[in-house]
Every structure is written in structure tokens, then in C-alpha cells.
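Peer 1: Before anything else, here's the structure in question.
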Amino acid sequence: MRKIRVLVAKPGLDGHDRGALIISQALRDAGMEVIYTGLRQTPKKIVKAAIQEDVDAIGLSSLSGAHNVLFPEVVKLLKTENAEDILVFGGGVIPYEDIKNLEQNGIKKIFTPGTSTKTIAAFIEKAVMEKRNGQLGILDPPNGIDHIGIAVRSIDDALLFYRNHFSIEVEKVVEVESQQVKVAFLPLTNCKLELLEPLSDDGAIAKFINKKGEGIHHIAFSVNSLQDRLDQLKKEGVKLINETPKNGAGGYPIAFLHPKNANGVLVELCETHNNEGDE
Ligand code: CMX
């Protein structure tokens, strides 16, 4: 299989390329062929080099603040040259307000300072392979929030609030012996609440309540292709609690990520779409 080829380019006037050089080396270490343009390139020169070098992707780095003009210009010129199959990534000092606009204008992903080179390499590799194979999916955001898990001492007591004041009713209650937890599912329009009551002093929920008191225990995203996504997250350097999906209390495959990467929030991923209607 052809190696992934990337052009790392510095458009515009800024004269600092330490970051671009570090990224170039990291992508080489990840097995890619990397061509670096050097400083102060015009979008036209970058597009010409990308086509000549037959690259899969262009990585643009800008610290000058001119990204809003220069990055979309590269995308536009690629289109003019019928080379829009070349993916464009960006990095540098780019305010969050600009990112959405850039990503809507054809930049596949903006990496902000602090992103690990492992994450960047894994993302580019996945995006190029998806493009080559004509698939899309696991680099997209989750489909939504499947549920929010709330640790409570007593489901009956907790329900007084949700039933009496919000008319939210229980759909089903499941006991998970192996985890020593009782789970009540409370469906809302696009999301559920999961009330989690410890069945004994052993088990994760009892441990959580003893340490932190009652409260939000985890947030669960609904995703497609759960195993592929876990493999991708692992490659990107995200610490997983479950490396393979397990069967969740809701009857569909789930996996937990370590809270370390999510500011102390326990994140669960659920692959709900295969089992729609079973819950
Ligand atoms: N919020 C924030 N941090 C949490 C956490 C939470 N709710 N639960 C655990 N952690 C932290 C721990 O403090 C620990 O941190 P360090 O590694 O820094 O010490 C880390 O996560 C791992 O926790 P652990 O208890 O050492 O590891 P385990 O592998 O034994 O268990 C976990 C981890 C998340 C799977 C377990 O604690 C848990 O919560 N299980 C799910 C319980 C549950 O919700 N069951 C209901 C049904 C779920 C379903 O099937 O849908």
C-alpha cells in the first residue's frame, strides 16, 4: 500500500517554524512521507507543490493570525485545480471562534496548541484511509448524548424529584449483580437519565457515593462503530477503561474511557443503533 504523503506548509509571513518541524518529524515517525515547504509560502505555491508531490494531505501551520484568509484560499485553489481530494489540516494559534468557520470551509480539522503529535498523526492517518476507501464515520462527532448517569442512594427517593416536578416516568429498572448496582431508565425526547443505586457497599456506585456524594456519575455518548472508535482513541493516546465493548445494562454495547482525558468526567460510549427498538 502506498505510504501516506503529507505536505507541511507555512503560508504567510510568520517566521516561526518550530511547530511545523516538530509535526513533520512526528508524521515521519508515524511512517508517513513528509515534504516541508519552508517558510513564507503563498497558497498558490503550496497548492502547486501539493499537486506536484501527489500528496494525500496538506498540513498548514500559521501563527500570524492570517489563517482565516490563507487556509480557505488553499482549499479554494485546490478546488480550482480539481484537487479537492487532498485533505487540508491546520494548526497554530487559532482562536476557537475561528475554528468552526474554517472547518465549515473545507479544512478537515484544526489542531490547537497542546494537541499531542500522536493524536495528530492518528487523526491524519484515519482521515486519509477513510478518504481512500470512500468511508466516513468514526472521526465525526458522537450522534448525541445517549444518557446521563446519576448516582443516588435510593432510586425511590430520587424519583420524587423527577416524577413530581417534571413528570418524567421510569421506563424500566435493571439490576446488574456483577456491578452491584440497580439502574432506573428515565427516557426524555433525545436522551435518558440513568439513576444508579448501589445494591451493596461493594461496587463502583457505592465507591463513588462514599467518595464524592450523590451526583452526576457519567455522561454517555451515542456513537457508531464502537470498536473502531475505541481503537482510534487508543491510537490517539486516549486512556481507555474498556478496550473492547461490553454489554451494558441498556442491552447494547458500551465502553468507558478513563476520566483523565476528560477533565475528571467519566465518559461512556454506547453503540445504540444496532439494537434500536430492543431497549
Ligand atoms: N467520575 C470520575 N472519575 C471516576 C469515576 C466517576 N464516576 N469512576 C471512576 N473514576 C476514576 C477513579 O477515581 C480512577 O481514577 P485513577 O485511575 O486516577 O485512580 C479511575 O476512574 C478508574 O477507576 P477505578 O475504580 O480504579 O477502575 P475500575 O476499572 O475498577 O472501574 C469504572 C472503573 C468507571 C468502570 C467503574 O468505576 C464504573 O463506574 N462502572 C460503571 C458503573 C455503572 O454505571 N453501572 C451502571 C450501568 C452501566 C451500563 O452497563 O450501562
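The values are calculated or read from the model by the stated rules, or taken from the named source; none is laboratory data. A quick note: this is a predicted structure, and the numbers were derived from the prediction, not measured. Please note: Cβ atoms are built from the backbone with ideal geometry, for glycine as well, and neighbour counts cover all protein chains shown. Accessible surface areas use protein heavy atoms only, side chains included; no ligands, DNA or RNA. Shrake-Rupley method; radii C 1.70, N 1.55, O 1.52, S 1.80 Å.
Peer 1: Which of the residues that make up the range 155-177 are out of contact with any strand residue (DSSP E or B) (no Cβ under 6 Å at 6 or more places or on another chain) and either among the basic types (Lys, Arg) or part of a loop (DSSP other than H, G, I, E, B) (or both)?
Peer 2: Residues satisfying the conditions are Arg163, Ser167, Glu169.
Peer 1: It is to be established whether one or more residues within the range 86-100 are aliphatic (A, V, I, L, M), in a helix (DSSP H, G or I) and surrounded by 20 or more Cβ atoms within 10 Å (Cβ to Cβ).
Peer 2: The answer is no; no qualifying residue exists.
Peer 1: Also, quick follow-up: Considering only the range 102-153, how many residues are among the β-branched types (Val, Ile, Thr), open to solvent by less than 20 Å² (accessible area, probe 1.4 Å), outside any loop (DSSP other than H, G, I, E, B) and over 20 Å from Leu63 (Cα atoms)?
Peer 2: 2
Peer 1: Give the range 174-209 a look and list any residue that's within 29 Å of the chain's Cα centre (by Cα) and open to solvent by 50 Å² or more (accessible area, probe 1.4 Å), or say none.
Peer 2: Once the filter is applied, which keeps residues that are within 29 Å of the chain's Cα centre (by Cα) and open to solvent by 50 Å² or more (accessible area, probe 1.4 Å), the range 174-209 yields Gln179, Pro187, Leu188, Thr189, Asn190, Ala204, Lys207.
Peer 1: If you don't mind, another one. Pick out the one residue from Glu97, Glu33 that is within 17 Å of Ile124 (Cα to Cα) and out of contact with any Gly (no Cβ under 6 Å at 6 or more places or on another chain).
Peer 2: Going through Glu97, Glu33 in turn, just one is within 17 Å of Ile124 (Cα to Cα) and out of contact with any Gly (no Cβ under 6 Å at 6 or more places or on another chain): Glu33.
Peer 1: Consider only pairs whose beta carbons are under 8 Å apart and that are at least six residues apart or on different chains; among these, list those whose first residue lies in the range 1-30 and is open to solvent by 40 Å² or more (accessible area, probe 1.4 Å) and whose second residue is assigned to a strand (DSSP E or B) and of a type in the set (Phe, Trp, Tyr).
Peer 2: As it stands, the answer is Leu21/Tyr36, since those pairs meet every condition given.
Peer 1: Could you please let me know if Ile46 is more than 21 Å from Thr112 (Cα to Cα), modelled with pLDDT of 95 or more and in contact with a Pro (Cβ under 7 Å, 6 or more places away or on another chain)?
Peer 2: Considered against the rule, which asks whether it is more than 21 Å from Thr112 (Cα to Cα), modelled with pLDDT of 95 or more and in contact with a Pro (Cβ under 7 Å, 6 or more places away or on another chain), Ile46 comes out as yes.
Peer 1: Could you check how many residues of the range 225-266 are among the hydrophobic types (A, V, I, L, M, F, W, C), more than 9 Å from the ligand (Cβ to nearest atom) and either assigned by TED's automatic domain parsing to the domain that holds Thr119 or in contact with a Phe, Trp or Tyr (Cβ under 7 Å, 6 or more places away or on another chain) (or both)?
Peer 2: 0
Peer 1: Still on this model: Looking at the range 27-66 only, could you name the residues that are assigned to a helix (DSSP H, G or I) and more than 17 Å from Val88 (Cα to Cα)?
Peer 2: Across the range 27-66, the qualifying residues are Arg28, Asp29.
Peer 1: Any residue in the range 208-217 that is near the ligand (Cβ under 7 Å from one of its atoms), without any contact (Cβ under 8 Å) to a residue 60 or more places away in the chain and part of a strand (DSSP E or B)?
Peer 2: Within the range 208-217, not a single residue is near the ligand (Cβ under 7 Å from one of its atoms), without any contact (Cβ under 8 Å) to a residue 60 or more places away in the chain and part of a strand (DSSP E or B).
Peer 1: Moving to a separate point now. When Asp228 is evaluated against the numbered criteria (1) within 23 Å of the chain's Cα centre (by Cα); (2) part of a strand (DSSP E or B), which criterion, by number, is the only one it fails?
Peer 2: (2)
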